[in-house]
Amino acid sequence: MTLDYLAYVLLALAVVLFLVKAIRILREYERGIIFTLGRFSGVKGPGLFILIPFVQQMVKVDLRLVVQDVPPQDVISRDNVSVKVNAVLYFRIVDPERAIIKVADFMAATSQLAQTTLRSVLGKHELDEMLAERDRLNADIQEILDQQTDAWGIKVTNVEIKHIDLNESMVRAIAKQAEAERLRRAKIINAEGEQQAAEKLVEAGRILAGEPQAMQLRYFSALHDISGERSSTVVFPLPMDLLGGLTPGRAK
């Protein structure tokens with residue numbers, strides 16, 4: 001009787017151990033890659049399922065978005081400027097089977113690919129383009145990475161360049177360039193103002209030449225402005241007809 005009781009206890013323990021080893025529960029964002037005797041046999045999850053102990057093995061995969069920091073990379077731009085650039089990579093697994101079977105470590109592979117692609121793409125552009133056209137560069141890097149990681153079952157959703165570090169000499173050179181650009185714009189604006197003023201003066205001269213009385217009134221207005229100022233200037237009004245008589249054309 002004791003032996004029968006002991007046998008039942010051992011059987012119950014064996015069943016409990018089997019269920020502990022066999023029952024698997026995966027969350028909504030997890031998938032399990034099942035290998036039966038070393039061969040791929042399917043993808044399980046999410047939820048509850050049975051795994052045959054010692055015959056089947058499972059590799060768990062997380063389908064959530066992964067945010068990975070790309071370490072600073074030494075990049076030489078097309079105009080031979082050395083900078084340090086780092087970025088942030090966003091990707092997720094869309095095909096768990098390929099992510100586990102096609103590549104040994106998809107996290108390390110994606111990180112290394114992002115580093116080499118970052119150096120390759122930025123090295124084709126000048127420094128001014130790196131600083132002013134980050135959106136276009138982000139899109140180019142994201143497209144290249146997405147094409148290359150598609151075979152691994154990975155979708156690269158976004159790439160963002162974080163920092164572009166310059167040495168002190170290059171920062172001073174950029175500051176001088178910006179100052180020179182501001183001076184150039186100021187001179188251009190000043191020259192355009194002089195041009196517009198000259199055009200208006202020519203137009204005013206044509207109007208005044210057509211009406212001699214208008215020139216006389218302008219002359220009186222100038223005398224009024226001068227007399228209103230506190231100065232030692234002495235103004236002698238001179239008739240315009242007298243000046244006209246002194247011209248060579250009128251003398252004849």
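Observations on the structure shown:
- In region 168-199, the residues that are closer than 20 Å to LYS84 by Cβ, surrounded by 10 or more Cβ atoms within 10 Å (Cβ to Cβ) and of a type outside the set (Val, Ile, Thr): MET170, ARG172, ALA173, ALA175
- Residue in region 1-31 that is surrounded by the fewest Cβ atoms within 10 Å (Cβ to Cβ), counting only those that are closer than 21 Å to VAL94 by Cβ and without any contact (Cβ under 8 Å) to a residue 60 or more places away in the chain: GLU28
- Entirely in region 141-252, the helices (runs of 4 or more DSSP H) that have 1 or more residues that are at pLDDT 85 or above and of a type outside the set (S, T, N, Q): 168-210
- Each residue in region 63-122 was checked for being acidic (Asp, Glu) and touching a strand residue (DSSP E or B) at 6+ places or on another chain (Cβ under 9 Å), and 4 of them qualify.
- Residue count for region 1-58, restricted to those that are touching a Phe, Trp or Tyr at 6+ places or on another chain (Cβ under 6 Å) and small (Gly, Ala, Ser): 0.
- Pick from region 78-98, criterion of a type outside the set (D, E, K, R) and not in a strand (DSSP E or B), ranking: nearest to ARG172 (Cα to Cα): VAL81
- Residues satisfying the stated conditions in region 57-97, i.e. surrounded by 13 or more Cβ atoms within 10 Å (Cβ to Cβ), within 15 Å of MET107 (Cβ to Cβ) and basic (Lys, Arg): LYS60, ARG92
Listed here are the residues, each with its yes/no results for (1) modelled with pLDDT of 95 or more; (2) over 25 Å from ARG64 (Cα atoms); (3) assigned by TED's automatic domain parsing to the domain that holds VAL159; (4) basic (Lys, Arg).
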residue	(1), (2), (3), (4)
TYR90	yes, no, yes, no
GLU97	no, no, yes, no
ALA104	no, no, yes, no
SER111	no, no, yes, no
LEU118	no, no, yes, no
VAL121	no, yes, yes, no
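- Residue in region 149-157 that is under 17 Å from the mean Cα position of the chain (by Cα) and either on the phi > 0 side of the Ramachandran plot or surrounded by fewer than 17 Cβ atoms within 10 Å (Cβ to Cβ) (or both) present: yes
- Scan of region 36-56 for residues that are surrounded by 16 or more Cβ atoms within 10 Å (Cβ to Cβ), out of contact with any Ser or Thr (no Cβ under 8 Å at 6 or more places or on another chain) and not hydrophobic (A, V, I, L, M, F, W, C), ordered by number: LYS44, GLY45
- Only one entry in ILE141, ILE161 is touching a residue at least 60 places away in the same chain (Cβ under 8 Å), closer than 15 Å to TYR90 by Cα, in contact with a strand residue (DSSP E or B) (Cβ under 6 Å, 6 or more places away or on another chain) and not basic (Lys, Arg), namely ILE161.
- Residues located in region 1-37, provided they are of a type in the set (A, V, I, L, M, F, W, C) and under 47 Å from the mean Cα position of the chain (by Cα): ILE25, LEU26, ILE33, ILE34, PHE35
The values are calculated or read from the model by the stated rules, or taken from the named source; none is laboratory data. It should be emphasised that the depicted structure is a prediction, and the values quoted were computed from it without experimental measurement. Please note: Cβ atoms are built from the backbone with ideal geometry, for glycine as well, and neighbour counts cover all protein chains shown.
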